[in-house]
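Participant: Quick one: this structure, given as structure tokens, is what I'll be asking you about.
The values are calculated or read from the model by the stated rules, or taken from the named source; none is laboratory data. Predicted, not measured: the structure shown is a model, and the values here were computed from it. Don't worry about glycine lacking a Cβ; one is built from the backbone with ideal geometry, like all the others, and counts go over all protein chains shown. The protein model used for the area step is the full one, side chains on, heavy atoms only, and it has no ligands, DNA or RNA in it. Shrake-Rupley method; radii C 1.70, N 1.55, O 1.52, S 1.80 Å.
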Amino acid sequence: MLVPSIDGRFAGVGTIAQIENRGQLRNGTPALTVRAVGRAVLGAGVVGTGDGLWIEAEPYEDDPSVADGDTVRDLARRYRTIATALLDELGGRRFAATLPDIDHPGALADTIAYWPELGDDRRVELLETLDVEAWLRLAVAWAEAALHEVEVAKAIRQEVSDNLEKDQREMLLRRQLAAIRSELGDGDADALGDYRTPRRARRTGPRRDGARRHRQGDRPARARRRAVAGVELDPHLARRGAGAPVR
């Protein structure tokens, strides 16, 4: 009989185990290979002549009618789906492939105990839960919580990776713009500022022929250059002070 003890308290249900073989580890430590074959409800204990404690135990058998009910089958199907998704996220596809071969709903629910972060207190709670339906509901709830934690952690890692790539792209853009400004002799400006070439900057500066445009009306410069009535001044030459007539 194998009975877990946590914080000085023995569980009320133990596991009936069968010794498969005996041997020694490489360092000489004696070892046993045991296989669980059932559960037993513990009763009163009696101190023996040696160091062991003799405990009355009653083997527990599941009710076959409950195990074959529709609710239990639905819970078992749901647990297989969630556990398979969880194992796929953790790289345990080989273990997930064995879930369809587990027919007994209680044995299927026991597989949640392999989750390393489940905790010994929950494992004891799972062991002490004898009703198959309640057994499966615990397994489904814990598997859903574990899958949610894995998905949240995965989403956080993906978000961090995306932000890192974004920061790297922004850094590369800064360096490219800084190199462009350095080539244009404007290396002291902010690399993320409005990019303008010197020619563009001169074109967007204050216009010095505003008065002449006002006197000549709203006709575009192209229309004035193409006018056929007489001789007009080229506004570009006029700004340079040439004042040369253009036919």
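Participant: Identify all residues within the range 39-61 that are closer than 19 Å to R9 by Cα and in contact (Cβ under 8 Å) with a residue 12 or more places away in the chain; write none if there are none.
Facilitator: Once the filter is applied, which keeps residues that are closer than 19 Å to R9 by Cα and in contact (Cβ under 8 Å) with a residue 12 or more places away in the chain, the range 39-61 yields R39, A40, V41, L42, G43, A44, I55, E56, A57.
Participant: Considering (1) open to solvent by 90 Å² or more (accessible area, probe 1.4 Å); (2) not in a strand (DSSP E or B), say which one L87 fails and leave the rest.
Facilitator: Failed condition: (1).
Participant: Still on this structure, please answer the following. Here are some residues: D88, D62. Which one is in contact with a helix residue (DSSP H, G or I) (Cβ under 7 Å, 6 or more places away or on another chain), of a type in the set (D, E) and over 24 Å from A134 (Cβ atoms)?
Facilitator: D88
Participant: With respect to R73, is the statement that it is under 30 Å from E144 (Cβ atoms), among the charged types (D, E, K, R), assigned to a strand (DSSP E or B) and open to solvent by 50 Å² or more (accessible area, probe 1.4 Å) true?
Facilitator: Answer is no for this residue.
Participant: Separate question: Could you check the range 124-146 and list, in sequence order, the residues that are out of contact with any Lys or Arg (no Cβ under 8 Å at 6 or more places or on another chain) and in contact (Cβ under 8 Å) with a residue 40 or more places away in the chain?
Facilitator: V124, E128, D131, V132, E133, L136, R137, A139, A143, E144, A146 - these are the residues of the range 124-146 that are out of contact with any Lys or Arg (no Cβ under 8 Å at 6 or more places or on another chain) and in contact (Cβ under 8 Å) with a residue 40 or more places away in the chain.
Participant: Now, a different point. So is E151 assigned to a helix (DSSP H, G or I) and within 30 Å of T71 (Cβ to Cβ) or not?
Facilitator: Judged against the criteria, E151 is a match.
Participant: Could you tell me which of the residues R157, R181 is open to solvent by less than 60 Å² (accessible area, probe 1.4 Å) and either modelled with pLDDT under 85 or outside any helix (DSSP H, G or I) (or both)?
Facilitator: R181
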